[in-house]
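Scroll down for the structure; my scribbles are underneath it.
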Amino acid sequence: MFVLVVGAGRVGSSVATSALRAGHTVSVLDEDPLSHERLDVELGQSWEEAGGRFTIGTALELDALIEAGIDEAEVFIASTNGDNTNLVVSQIAQRRFKVPRVVARVLDPRRAAWYAEQGLQTICPTQIAIEQLQEAALAES
Amino acid sequence: MAGLYVIIAGAGKVGWNLARELIEKGHEVTVLEQDRRRYLTVEQELEHAVQYGDATELWVLERAGIQRADLVVAVTGDDEDNLLICQVAKEKYLCERIIARVNNPRNLEHFKLMGIQPAVSATDLILRLIEHEVPRYGLVHLLDLPEERLEIIELVVAEDAPAAGRRVAEMALPDGALVISVLRNGSGFVPKADTVVEAGDEVLVVLDPGLEQDITREFVGNSSDG
């Protein structure tokens, strides 16, 4: 599959490297060139030599999205460090580029839930942390 | 337009001045500002009409009473924020009227994609005025109604223009163009078919997009071309 990851911080870069290792075609878009180094380090070799693609640009620029290959993308992952950017860019991927599978990381639990109701697949790390903390701290032992 | 409840996201220059004007006109306003220092500055003047918080968060909008808002205006300096604030106002809280500010005109198409209208870009407006080259064509673009496929332009009738001294009915205007008002010596009136347009009149014309050239020919003449 062609996987496009927008935002390669800790979460995005890990997902990108594991997708590449699993044999998928992976393209990463990030505004910070440092993210490229993170990918190299996580992979233990050069990202490009391992077959990965990397584009420097911001998520809302259509030119950058197109250069990163959004037209061919089968999976789109919005994992920048900003909820608002992720919510906007994932809707662009969904509505404008008709990417079949779009997943957005949204830290705000209420908006993650509401946008999920609207048909956007959201992953909420905060909600996961809340549930795990409650389980760890309050569960009957 | 009396007694609206308006929520304004962003207490920058645009938001603050907008709040001031609306309050003066008798409307009820709540401004939302996420920067603590900016909030404290604005609060000295607007007092309870400004609240501290991030307007992209649902509880902040709810605390401001978005359920009863007649109008939500998102004028922060961040286009993603403005887009999402208007999106939840419209689709989650069913607010009937929204207005969004677009900081970067390249983002305008994202607002259109999500159905956020009207989306206003000051940069885009000024750019259009420049592109329409006011002195050359003698024509100012006042308003675009893309949904209705109409625009309104203003121009000054030149001395040697074919329209000068002519009755409205005799003008060689293309189909899809209509003179809707004439300003002369500081006062305006709606012209009738037998109104004679004079050189120096300011004329408002409503037209289908793409007819500017034909209109210019009739009202501006040759001297100011090129």
Somewhere in the range B:111-123, is a residue over 28 Å from residue A:119 (Cα atoms) and either among the aliphatic types (A, V, I, L, M) or in a helix (DSSP H, G or I) (or both)?
-> yes
What are the residues in the range B:81-95 that are facing another protein chain (nearest Cβ under 10 Å) and in contact (Cβ under 8 Å) with a residue 12 or more places away in the chain, if any?
-> B:81, B:82, B:83, B:84, B:85, B:87, B:88, B:92
Residue among B:74, B:49 that is surrounded by 16 or more Cβ atoms within 10 Å (Cβ to Cβ), of a type in the set (Gly, Ala, Ser), out of contact with any Phe, Trp or Tyr (no Cβ under 8 Å at 6 or more places or on another chain) and in contact (Cβ under 8 Å) with a residue 40 or more places away in the chain = B:74
Considering B:16, B:59, which residue is closer than 28 Å to residue A:89 by Cβ and of a type in the set (Phe, Trp, Tyr)?
-> B:59
Run residue B:116 past the list (1) at the interface with chain A (Cβ under 9 Å from one of its Cβ atoms); (2) buried (at least 16 other Cβ atoms within 10 Å of the Cβ) and report the number of the one that doesn't hold.
-> (1)
Subset tally (residues that are away from chain A (no Cβ under 14 Å) and buried (at least 17 other Cβ atoms within 10 Å of the Cβ)) for the range B:22-46 | 12
Does the range B:10-21 hold any residues that are more than 14 Å from every other protein chain (Cβ to nearest Cβ) and either of a type in the set (A, V, I, L, M, F, W, C) or under 20 Å from residue B:93 (Cβ atoms) (or both), and which are they?
-> B:11, B:14, B:15, B:16, B:18, B:19
Might you check whether a residue that is small (Gly, Ala, Ser), within 11 Å of chain B (Cβ to nearest Cβ) and within 30 Å of residue B:61 (Cα to Cα) occurs anywhere in the range A:118-141?
-> no
Looking at the range B:51-74, which of its residues are within 14 Å of chain A (Cβ to nearest Cβ) and small (Gly, Ala, Ser)?
-> B:53, B:55, B:74
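This table checks each residue for (1) exposed (fewer than 12 other Cβ atoms within 10 Å of the Cβ); (2) out of contact with any strand residue (DSSP E or B) (no Cβ under 6 Å at 6 or more places or on another chain); (3) of a type in the set (Gly, Ala, Ser).
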residue: B:158; (1), (2), (3): no, yes, yes
residue: B:162; (1), (2), (3): no, yes, no
residue: B:169; (1), (2), (3): yes, yes, yes
residue: B:174; (1), (2), (3): no, yes, no
residue: B:177; (1), (2), (3): no, no, yes
residue: B:187; (1), (2), (3): yes, yes, yes
residue: B:190; (1), (2), (3): yes, no, no
residue: B:195; (1), (2), (3): no, yes, no
residue: B:201; (1), (2), (3): no, no, no
Kindly provide the set of residues from the range B:88-105 that are touching a Ser or Thr at 6+ places or on another chain (Cβ under 8 Å) and more than 14 Å from residue B:74 (Cβ to Cβ), ordered by number.
-> B:104, B:105
If you take the residues of the range B:2-21 that are without any contact (Cβ under 8 Å) to a residue 40 or more places away in the chain and at negative phi, which of them is surrounded by the most Cβ atoms within 10 Å (Cβ to Cβ)?
-> B:11
What are the residues in the range A:94-117 that are more than 22 Å from residue B:93 (Cα to Cα), within 11 Å of chain B (Cβ to nearest Cβ) and either crowded, with 17+ Cβ neighbours inside 10 Å or among the hydrophobic types (A, V, I, L, M, F, W, C) (or both), if any?
-> A:94, A:97
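Since every read-out is calculated from the coordinates, none of them should be taken as a lab result. Being a predicted model, the structure only gives us computed values, none of them experimental. Every residue, glycine as well, gets a Cβ built from its backbone with ideal geometry; the counts of neighbours run over all protein chains shown.
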